[in-house]
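Participant: Just dropping this structure here.
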Amino acid sequence: MTVVSQWKTDFPVVRLKNLLATPITDGPHTTPEFLPSGVPFLSVDAIQNGELTFNKCRFISASDHAEFTRKARPQIDDILMGKAASTGKIARVKEPQEFSIWSPLAIIRVNQKIAEPRFTEYVLKSPEVQFEIDGYCTENTQKNISMRDIPRITVPSPAYSRQIQVANFLDRETAQIDDLIGKQERLIALLAEKRQAVITQTVAKGLDPESPTKPSGIPWIGEVNVEWAIRPLKTAGEINLGKMIQPMPKANSDVQAPYLRAANVQPDGILTVKDVKEMWFNKRELASLDVLAGDVVVVEGGIGGFGRAAFVDKDLGGFGYQNSINRIRPNEGVDGRLLTYLLLTARQSGFIHAYCTGVSMPHLTAEKLAVIQVPLPDHATQTAICDFLDQRLKSFAQLSSKASNVISILQERRSALISAAVTGKFNVLSKEL
């Protein structure tokens with residue numbers, strides 16, 4: 001495979017293989033026995049935002065670690081690169097910690113007499129190298145870059161002293177950008193917390209926080225407005241589980257319909273239908289599956305996904321939905337928006353997770369969903385609550401969107417800064433472009 005380099009620089013450009021201290025290696029291609037504790041065992045998901053993280057990592061035994069590190073033993077200043085699925089993710093080992101890596105990660109160890117590890121890390125994170133990596137990738141069930149292609153990556157290689165200057169400059173400048181990004185990320189997290197607090201408070205007590213309350217008997221919501229009824233969800237609407245319908249050849253089908261999946265129901269209660277694929281089905285099979293304005297869709301199964309709920313704010317008649325989704329069609333006098341807010345609160349509190357775990361694959365079945373207790377005021381109060389929450393949450397969404405846009409701009413600035421510095425487009429000592 002021939003991949004054209006994207007570098008536009010006065011620096012010498014060489015193949016990565018010319019800078020190596022040892023051949024590039026990857027982790028074992030066998031699956032070890034995972035343990036509750038032991039030696040950290042990292043895969044490509046351990047690289048987050050360009051840094052190596054041990055949060056939520058797997059663990060293996062000391063004996064497996066000893067066996068695996070005979071092939072690949074990470075050390076300080078090694079650069080880890082994702083070579084499968086999340087190809088091109090880059091992080092440098094910065095702390096002296098024993099750990100092993102799995103096959104989706106490759107270890108790049110440069111010769112520190114000619115290549116400064118920090119400079120090389122920035123080069124590998126640059127847009128030019130990321131573009132080149134993507135060009136080398138093949139894709140079957142997932143993206144992959146082969147071990148023979150990684151050493152072929154082209155990189156700028158200025159004098160060692162210049163590499164140190166560039167690395168020092170980028171360490172300082174990117175740290176400032178990362179600090180600004182971190183502040184925006186914390187703002188988004190605080191907005192999410194405030195958003196959920198407003199939902200929980202309002203669906204429990206209504207629009208008057210001083211209204212008298214009573215014990216609800218519902219562990220995830222606590223005290224509720226004294227005038228509200230506590231009812232099982234099955235009395236609030238008809239619950240219907242979707243079907244796993246097999247797509248048929250167009251010649252044997254009579255209707256083309258969109259097909260909702262669990263992935264269309266987002267954690268924040270948003271239903272995304274923009275990218276729903278249309279497939280050909282037998283019309284008879286789809287007859288009982290329609291999604292209308294006012295319905296609520298709830299994810300039935302899947303680790304990390306069950307219990308997600310979304311309100312359908314526009315008519316989706318003719319949509320099918322798979323058997324990982326329960327559709328709730330509210331009864332007359334019940335606002336589906338309130339049911340959605342209640343389910344989001346139940347999930348956020350951890351109730352749904354505790355309620356559904358205990359089996360190998362958690363499921364929020366229609367039967368389990370039906371008996372969940374919820375507080376329900378009269379219809380006029382439901383409408384007032386939902387109108388208030390809709391408007392209040394819109395302001396949270398706008399603030400969160402602005403923060404996300406700032407993050408995108410900062411990330412673009414960071415990427416452009418790295419590209420300009422590692423190609424010598426400006427003098428890092430004067431900081432002038």
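The values are calculated or read from the model by the stated rules, or taken from the named source; none is laboratory data. From a predicted model like this one, the values you see are computed outputs, not experimental measurements. In this analysis, Cβ positions are derived from the backbone assuming ideal geometry, glycine residues included, and neighbour counts consider all displayed protein chains. The accessibility values were calculated without ligands, DNA or RNA, using every heavy atom of the protein model including side chains. Shrake-Rupley method; radii C 1.70, N 1.55, O 1.52, S 1.80 Å.
Participant: Give the calculated FRET efficiency between Phe34 and Ala263 to the nearest 0.05, with a Förster radius of 22 Å applied to their Cβ-Cβ distance.
Facilitator: Values: r = 26 Å, r/R0 = 1.20.
It comes out at approximately 0.25.
Participant: Ignoring ligands, DNA and RNA, what percent of the accessible area of the chain is carbon or sulfur (1.4 Å)?
Facilitator: Values: 11110 of 21600 Å².
Roughly 51 percent, rounded to a whole number.
Participant: Go through region 405-410 residue by residue and turn each phi into a ³J(HN,Hα) via Karplus (6.51, -1.76, 1.60, θ = phi - 60°); whole Hz please, and just put x for glycine and proline.
Facilitator: Those phi angles translate into 5, 4, 4, 4, 5, 5 Hz.
Participant: Work out the FRET efficiency for Glu210 and Val371 from their Cβ-Cβ distance, taking R0 = 30 Å, and round it to the nearest 0.05.
Facilitator: In this case the efficiency is close to 0.40.
Participant: A further question on this structure: Can you work out the Karplus-derived ³J(HN,Hα) for every residue in region 40-50? Use 6.51 cos²θ - 1.76 cosθ + 1.60 with θ = phi - 60°, whole Hz, and x for glycine or proline.
Facilitator: Each residue of region 40-50 in turn: x, 10, 9, 10, 5, 6, 6, 8, 10, 6, x Hz.
Participant: Moving on to the next point. With the crude spin-label approximation of a point 7 Å out along Cα→Cβ, what separation in nm comes out for Ala397 versus Ala293?
Facilitator: For Ala397 paired with Ala293, the spin-label model returns 1.6 nm.
Participant: A further question on this structure: Stretch Ala229-Phe426 to full length: gain in nm at 0.36 nm per residue minus the Cα-Cα span?
Facilitator: Extra length from Ala229 to Phe426 when fully extended: 64.1 nm.
Participant: Give me the percent of Cα-Cα pairs in region 73-164 that sit more than 20 Å apart, rounded to a whole number.
Facilitator: Numbers: 1481 of 4186 pairs.
Of the Cα pairs, 35 percent sit more than 20 Å apart.
Participant: Projected onto the charge dipole of the chain (+1 at Lys/Arg Cβ, -1 at Asp/Glu Cβ, origin at the Cα centre), which of Ile47, Leu399, Pro28 gives the Cα projection farthest towards the positive end?
Facilitator: Selected residue: Pro28.
Participant: In addition: Does anything in region 48-76 have its amide N under 15 Å from the 7 Å Cα→Cβ label point of Gln112, and if so which residues?
Facilitator: Zone members listed by number: 74-76.
Participant: Continuing with this model, one more query. Over every pair of different alpha-carbon atoms in the chain, take the mean of 1/r and invert it; report that Kirkwood radius in Å.
Facilitator: It works out to 25.5 Å.
Participant: Between Rg and the Kirkwood Rh of region 7-122, both from Cα atoms, what is the Rg to Rh ratio?
Facilitator: Ratio of gyration radius to Kirkwood radius for region 7-122: 0.99.
Participant: Would you mind getting the accessible area per residue of the chain, heavy atoms of the protein chains only, 1.4 Å probe, in Å²?
Facilitator: On the way: 21600 Å² over 433 residues.
Ligands and nucleic acids excluded, the figure is 50 Å² per residue.
Participant: For region 4-109, what is the percent of antiparallel DSSP beta bridges, rounded to the nearest 5?
Facilitator: Antiparallel bridges make up about 90 percent of those DSSP assigns within region 4-109.
Participant: Here is a follow-up. Using θ = phi - 60° and the Karplus relation 6.51 cos²θ - 1.76 cosθ + 1.60, list the HN-Hα couplings for region 170-186 in order, rounded to whole Hz, with x at every Gly or Pro.
Facilitator: Going residue by residue, I get 5, 4, 5, 6, 5, 4, 5, 5, 4, 5, 5, 4, x, 5, 5, 5, 5 Hz, with x marking Gly and Pro.
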